1. Checking the structure you have, find out if any residue of segment 117-129 is part of a helix (DSSP H, G or I), under 30 Å from residue 45 (Cβ atoms) and among the charged types (D, E, K, R).
2. Just checking, how many residues over segment 8-30 are open to solvent by less than 70 Å² (accessible area, probe 1.4 Å) and more than 15 Å from residue 79 (Cβ to Cβ)?
3. I'm told residue 60 meets every condition in (1) in contact (Cβ under 8 Å) with a residue 40 or more places away in the chain; (2) open to solvent by less than 70 Å² (accessible area, probe 1.4 Å); (3) outside any helix (DSSP H, G or I) except one. Can you identify the failing condition by its number?
4. So if I check each of 82, 35, which one is touching a residue at least 12 places away in the same chain (Cβ under 8 Å), within 19 Å of residue 151 (Cα to Cα), crowded, with 20+ Cβ neighbours inside 10 Å and not polar (S, T, N, Q)?
5. Would you please list the contacts, defined by Cβ atoms under 7 Å and residues six or more apart or on different chains, that run from a residue in segment 88-113 that is within 18 Å of residue 78 (Cα to Cα) to a residue that is open to solvent by less than 40 Å² (accessible area, probe 1.4 Å) and not in a helix (DSSP H, G or I)?
6. Taking the residues in segment 155-202 that are in a loop (DSSP other than H, G, I, E, B) and of a type in the set (S, T, N, Q) as candidates, determine which candidate is nearest to the chain's Cα centre (by Cα).
7. Can you tell me which of 180, 211, 187 is touching a Ser or Thr at 6+ places or on another chain (Cβ under 7 Å) and open to solvent by less than 70 Å² (accessible area, probe 1.4 Å)?
Amino acid sequence: MTPRQLAQRARAEFRESADPRVAEGQRAYFKKWEKVHFHGLKTPEQRRIERTLYHEVREQWTFVEAVELCEELMPDRYLESKGLALTLLARFHRRFERGLLRRAKGWLERGFCDNWAVTDQLSTQILSRLIEKFEPLAATVESWDKSPNLWVRRACAVSFVKAAARGRHLDRVYRIVTVLEPDTQDLIHKACGWLLREAGKGDPARLERHLSVRGPAIPRTTMRYAIERFPEQKRKQILEDTRVAGRKRL
């Protein structure tokens, strides 16, 4: 089966299993301006379709065919198509090649990942594994923090979430969130808070120092996400200290 044929099979399966009521509920998780379209499949059904199609091609396909499938499905308007393509590509992560980073950035820049769900899936399943396999690529992804494209900037942060949770690339992580502090997009504030929260898993003292020093400059949404794992009293104290410091500085 060729990538184009598999893409056609996937679309047909999605149409057959579509449920408008499910689609309406899924849409509620996104901002009104995010361009999201759903067939309306529940997660178990989506996974079943992907798993079935993968088992049909796993003995014949290589990493190359998986990338070609992404080129077929990523331009689709439906999230199910994009999600299936990225999930199947991730199955070939041991064969990832460096050039995939350039291609993935192209998917972001061309608007194929124009919502937080697809961007985060690309970041955690594909980009994070590229960084892990080819460590010099981490500097390239870090440089995306200055991109004019919202989804490239969000991918810059989210791609390091898994590494940060393992205590890796922490200097880079703190540089990224500092550069992104002035960003006006709420989706960037949330991504940075998520990244900081994971960075604090192995070194909560460093996270607390960062929040204390940078607190007045950190968006409040970022701050609230970052301190979620602290005890309640410490959370309240950090929020109050940084708020007071901010007023004094102003």
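1. So far as segment 117-129 goes, yes, one or more of its residues are part of a helix (DSSP H, G or I), under 30 Å from residue 45 (Cβ atoms) and among the charged types (D, E, K, R).
2. 1
3. Every condition holds for residue 60 apart from (2).
4. 82
5. Hits for this filter: 107/74; 107/113; 108/149; 109/149; 112/74.
6. Out of the qualifying residues, it is 159.
7. Only one candidate passes the filter, namely 211.
A quick yes/no check of all residues on (1) of a type outside the set (A, V, I, L, M); (2) in contact with a Phe, Trp or Tyr (Cβ under 9 Å, 6 or more places away or on another chain); (3) more than 18 Å from residue 152 (Cβ to Cβ):
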site: 74; (1), (2), (3): no, yes, no
site: 78; (1), (2), (3): yes, yes, yes
site: 84; (1), (2), (3): no, yes, yes
site: 88; (1), (2), (3): no, yes, yes
site: 106; (1), (2), (3): yes, yes, no
site: 113; (1), (2), (3): yes, yes, no
site: 116; (1), (2), (3): yes, yes, no
site: 124; (1), (2), (3): yes, no, no
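The values are calculated or read from the model by the stated rules, or taken from the named source; none is laboratory data. Just so you know, these numbers come straight off a predicted model, no measurement behind them. Note that we place each Cβ from the backbone using ideal geometry, even for glycine, and neighbour counts take in every protein chain shown. These area figures cover heavy atoms from the full protein model, side chains too; ligands, DNA and RNA do not enter into them. Shrake-Rupley method; radii C 1.70, N 1.55, O 1.52, S 1.80 Å.
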